[in-house]
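The structure appears below as structure tokens.
Please treat every number below as a calculation from the coordinates, not as lab data. This is a predicted model, so every value here is computed, not measured. Note: ideal-geometry Cβ built from the backbone for every residue, glycine included; neighbour counts use all protein chains shown.
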Amino acid sequence: MKKVETKRSNPSIQFLRKNHSGRARIKILGALISTTIFLNVNATTHTNKTFLMPRSHNPNLAMEYTTWHDQIKRKDDDMFNGTIQAVPFYQKSNNKKDLGQYFSISNRTYSDRIDDYIEVSDVETSHLTVGDIIHYYPNDYPVLGKITFRPYQESCGVRLDYHQKLDKFVNGLFIKINMPIVSVKHSMGYTYTWLGTQNLPTDSNITNAGAGYPELNAAQCTGASKTMEDYFTGNVENLATQARQYPLNYYRIHNGKTKFGVADINIVLGYNFVYKESKHFNVNTAFLIPTGNAPDGKYRFEPVVGNGGHFGWGIGVDTAFELWNDNNKSVEFSIVTNYKYLFKGTEKRTLDFKYANTGAYTHPNERSTWGPYKIGGAYGDTHAEPLANFLTKDLNVTPRGEFDMMFDFAVNVGNWTIDLGYELFAKANEKVSLKHTWSDNRYGNAYIGWNTTKAFISGTTIEGGGGYETIYRGYNSSLYWNGTDVLTQYTIDSTHLLFDDAETPVQVTHKFFAGFGYAENANKYPWMLGVGASIELTSNNAALALWALWLKLGISF
């Protein structure tokens with residue numbers, strides 16, 4: 001077996017020659033790391049968000065390079081010069097309260113206080129009343145409860161990385177493939193303060209439903225017994241003809257949904273301009289093939305494998321050099337930088353909405369509190385259903401650019417390697433737009449007294465004296481029967497949709513990692529074993545703060 005070794009002079013003389021430039025390099029690198037850590041740090045606490053796309057499992061330089069960097073830099077003229085590693089890993093997020101605020105609301109009743117919960121009661125100052133989620137239901141019944149959010153991600157899998165030198169074709173050319181196979185669990189981590197069950201109304205409970213405000217002819221509804229939790233998990237349906245209600249089909253809360261698959265395939269083609277065992281410098285281009293799932297909108301904080309189904313293209317630079325060498329001991333420093341642009345794709349997400357621009361609402365131009373969870377209707381329908389069923393649409397989503405940079409110090413003693421480093425990950429805010437045209441004059445909040453035998457909006461003829469109402473017009477009761485009102489002023493139109501709420505904001509994370517490994521390079525087929533750990537901090541609550549553990553097994557041939 002013929003190994004290519006770097007010729008070295010006396011190590012002491014070599015160290016003296018490098019000493020001055022080495023100190024300068026360390027000072028520069030220290031300043032660079034310090035600047036990078038605090039660069040673009042955004043302390044904004046995001047709220048009122050309907051969607052979060054976490055960082056994909058594919059771009060993870062710390063998990064990829066620790067220990068393995070020693071294998072991929074070696075070459076042997078008698079070998080095929082391919083190397084592969086398998087990296088079993090486990091990681092979990094730990095910023096539950098921050099994520100709870102991300103998915104919460106700004107409570108305008110209390111000076112825009114951030115409420116990381118949903119409260120339903122018969123008090124108008126609460127988030128929702130009973131009538132907002134159960135149709136038809138009186139507002140003077142007991143409090144239903146409170147649901148508090150503490151979302152988290154938990155994932156495990158095996159990362160596969162393959163590196164192939166192509167020196168037989170062009171000296172310095174190589175190809176690399178990254179392919180994480182993962183199981184991803186997302187949970188809203190909600191706790192429910194249970195304050196009793198409620199019965200759904202039946203036709204026999206309702207009188208005077210043909211005109212005017214319907215009334216209950218019994219002190220208590222006698223339909224199926226339901227809780228607040230049932231509604232938000234999609235388990236409330238009422239088939240009563242006068243109070244027909246369909247269940248929540250999208251935007252449901254949950255305490256654990258899992259997806260399994262390949263978190264995209266990243267193919268890298270690169271060329272080493274400097275190509276020695278003691279140092280290298282290469283430039284590469286990457287093409288990302290989506291293999292995971294695209295969001296379908298059925299659940300809040302649904303699990304996503306990969307980046308949501310987006311193709312990507314990028315460029316990168318990979319360089320490493322020895323800071324010090326003494327026989328079988330050395331200290332190396334590596335800088336790896338990757339930029340990738342993710343292209344537009346289709347995802348199904350839920351939009352929130354603001355009030356119509358009309359005096360009929362007490363807070364014009366403001367968002368509706370937990371709007372997607374309120375009962376509504378669509379033109380011509382003879383049933384009510386949660387507005388989320390209408391507001392969850394196919395959207396054009398452009399993730400745009402993401403930047404990944406790693407600084408790594410490696411201490412090599414014989415066959416042992418210790419890695420200590422920092423990884424910066426930054427991702428631009430997404431851009432979201434409707435994929436298909438929104439139908440104006442079609443959707444709206446359902447009036448609590450709507451008899452669902454009457455078609456929504458289409459049959460409402462206040463001006464003609466028809467005497468019944470279907471669409472919600474605000475707190476001022478005089479407006480219910482005001483013949484001058486125009487129905488289209490109260491529908492949820494395209495100008496009312498809040499696209500920002502469905503966009504993932506700028507994400508910046510700071511990862512600190514360590515790796516420990518052993519490489520047996522004297523073997524016919526060099527192999528390596530390693531372990532690693534990392535902790536990832538966030539600059540705002542739009543990203544996951546993660547900790548991770550991993551093992552490594554690799555072989556060259």
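Shown here for the stretch 227-327: chymotrypsin sites (Phe, Trp or Tyr not before Pro) in loop regions (DSSP other than H, G, I, E, B) with at most 16 other Cβ atoms within 10 Å, namely Phe311.
Seen through its C-alpha gyration tensor, with square-root eigenvalues sorted a ≥ b ≥ c, the stretch 226-373 comes out prolate because a/c lies at 1.5 or above while a/b is bigger than b/c.
Here's how it looks for Arg349: its modeled amide H is under 5 Å from those of Lys393, Leu395, which are all 5 or more places away or on a different chain.
Scanning residues 5 or more positions from Met53 or on other chains, those with amide H under 5 Å from its amide H are Thr504, with H placed 1.01 Å from N in the peptide plane. Approximating the spin labels as points 7 Å out from Cα along Cα→Cβ, the Asn396-to-Asp77 distance works out to 5.6 nm.
Each residue of the stretch 537-543 is assigned a 3J(HN,Hα), and the resulting list reads 9, 10, 8, 7, 8, 8, 9 Hz, derived from the Karplus form 6.51 cos²θ - 1.76 cosθ + 1.60 (θ = phi - 60°), x at Gly and Pro. Panel order for Leu200, Leu351, by other beta carbons found within 10 Å of each beta carbon, from fewest to most: Leu200, Leu351.
Couplings for the stretch 274-282, taken from phi via the Karplus curve 6.51 cos²θ - 1.76 cosθ + 1.60 with θ = phi - 60°, read 10, 9, 10, 6, 8, 6, 7, 8, 10 Hz in order; Gly and Pro are left as x. Distant-in-sequence amide contacts of Ile114, defined by a placed amide H-H separation under 5 Å and a gap of 5 or more residues or a different chain, comprise Asn107. Legend: ranking of residues Tyr518, Tyr102 from fewest to most surrounding C-beta atoms inside 10 Å; resulting order Tyr518, Tyr102. For the stretch 58-74, 3J(HN,Hα) computed residue by residue from phi via the Karplus equation (6.51, -1.76, 1.60; θ = phi - 60°) reads 6, x, 8, 5, 4, 5, 6, 8, 4, 6, 5, 4, 6, 7, 6, 7, 7 Hz, glycine and proline entered as x. Ordering His57, His254 from the fewest to the most neighbouring beta carbons within 10 Å gives His254, His57.
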